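Trainee: Below is one structure. I have some questions about it.
The values are calculated or read from the model by the stated rules, or taken from the named source; none is laboratory data. If you're wondering where the values come from, they're calculated on a predicted model, not measured in any experiment. Note that we place each Cβ from the backbone using ideal geometry, even for glycine, and neighbour counts take in every protein chain shown. With ligands, DNA and RNA removed, areas are computed over all heavy atoms of the protein, side chains included. Shrake-Rupley method; radii C 1.70, N 1.55, O 1.52, S 1.80 Å.
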Amino acid sequence: YEQARQDLKEFMQLGERLISTTVILSTPSRENSLMNLPRYLFEAGINDLRDMFKGFPAVVASAGPSLAAEIDVLAGLAGRAVIICVSTALKPLLKQGVVPDFVALVDYHALSARYFKDLEDYPPVHLIADPKADYHAVEAHHGPKSLFASPYLDIMLDETGPDKTGLRLGATVAHVAFY
């Protein structure tokens, strides 16, 4: 009984957090989606990327203490594996001469634009972004960009919108990079 009670309590707490997060993030997510709408409508999505690297190994590089320890390993994988980094790992990788193939962005907050500022002189890295991602950050990235499907925008556009492939959303940007 006590274990079932504790499990139910934790389940309820998780539900409360999910609902409050959804309510808090709904306004900036909606604003970012609308500001990213022209790009969503008129630029390629991720459809063309499917199976592009089929048969190649891939590595997801996330920010954190392990990135500094493994950055030399990543440098040795360039050209032999697809390197996908999260937005917070882009600058540290580029600083060490590691140019990822893709960078993933899902952060809704305007502070995420700093991940792409002051990076004018680097080879193009393909940005894969959630349409809810901060539009300043999407704009600040100067390489190729692809937005994946947005259920919100697709409902709003009805049948007139583009046919975009979606990605599963996880708990972190690293999950999206993996997918």
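Trainee: Can you compute the charge dipole magnitude of the chain about its Cα centre, using +1 on each Lys and Arg Cβ and -1 on each Asp and Glu Cβ, nothing else charged? Give it in debye, rounded to the nearest 20.
Mentor: Using only the charged Cβ atoms, the result is roughly 240 debye.
Trainee: Kindly provide the Kirkwood hydrodynamic radius of segment 14-105 in Å, to one decimal, from all pairs of distinct alpha carbon atoms. Walk me through the numbers before you get to the answer.
Mentor: Working: mean 1/r = 0.0632 Å⁻¹.
About 15.8 Å for segment 14-105.
Trainee: Which value, in Å², gives the accessible area per residue of segment 1-98 when a 1.4 Å probe is used on the protein heavy atoms?
Mentor: Numbers: 6660 Å² over 98 residues.
For segment 1-98, the per-residue accessible area is 68 Å².
Trainee: Same structure, new question: Using 0.36 nm per residue of separation minus the Cα-Cα distance, give me the extension gain between Asp51 and Arg17 in nm, one decimal.
Mentor: 8.6 nm
Trainee: To the nearest 10 Å², what's His136's accessible area with a 1.4 Å probe?
Mentor: Rounded to the nearest 10, the figure is 90 Å².
Trainee: Still on this structure, please answer the following. State the percentage of accessible surface on the chain attributable to carbon and sulfur atoms; use a 1.4 Å probe and exclude ligands, DNA and RNA.
Mentor: So the carbon and sulfur contribution to the accessible surface is 59 percent.
Trainee: State the answer as a single residue: which of Ala174, Asn32, Ser146 lies farthest towards the positive end of the charge dipole of the chain, with beta carbon charges of +1 for Lys and Arg and -1 for Asp and Glu, about the Cα centre.
Mentor: The Cα lying farthest towards the positive end belongs to Ala174.
Trainee: Treating cross-link reach as a plain straight distance, find the lysines whose alpha-carbon is under 21 Å from the alpha-carbon of Lys117, omitting any fewer than eight places away in the same chain.
Mentor: In chain and number order, the partners are Lys91, Lys95, Lys132, Lys145.
Trainee: Using only the Cα atoms of segment 62-125, build the gyration tensor, take square roots of its eigenvalues as a ≥ b ≥ c, and label the shape rounded, prolate or oblate: rounded if a/c is under 1.5, else prolate if a/b is larger than b/c, else oblate.
Mentor: Values: a/c = 1.78, a/b = 1.48, b/c = 1.20.
Prolate, since a/c reaches 1.5 and a/b exceeds b/c.
Trainee: Still on this structure, I have one more. Among the trypsin sites (Lys or Arg not before Pro) within segment 52-133, which fall in a DSSP loop and have no more than 13 other Cβ atoms within 10 Å of their own Cβ?
Mentor: Details: sites: Lys54, Arg80, Lys95, Arg114, Lys117, Lys132; in loops: Lys54, Arg80, Lys117, Lys132.
Here the sparse-neighbourhood loop sites are Lys54, Arg80, Lys117.
Trainee: Distance between Cα centroids, segment 43-116 to segment 158-179: provide it in whole Å.
Mentor: 17 Å
Trainee: In Å, what Kirkwood hydrodynamic radius results for the chain from the alpha-carbon pair distances?
Mentor: Its Kirkwood hydrodynamic radius stands at 17.6 Å.
Trainee: Here is a further query. Given labels modelled 7 Å from the Cα in the Cβ direction, how far is it in nm from Phe42 to Glu139?
Mentor: Between Phe42 and Glu139, the label points sit 1.4 nm apart.
Trainee: For Gln3 and Leu77, calculate 0.36 nm times their separation in residues minus their Cα-Cα distance, and state this gained length in nm to one decimal.
Mentor: So the chain would gain 22.0 nm between Gln3 and Leu77.
Trainee: Each residue of segment 173-179 in order: what ³J(HN,Hα) in whole Hz does its phi give by Karplus 6.51 cos²θ - 1.76 cosθ + 1.60, θ = phi - 60°, with x for Gly and Pro?
Mentor: Taking θ as phi minus 60°, the curve returns 5, 5, 5, 4, 4, 5, 5 Hz for segment 173-179.
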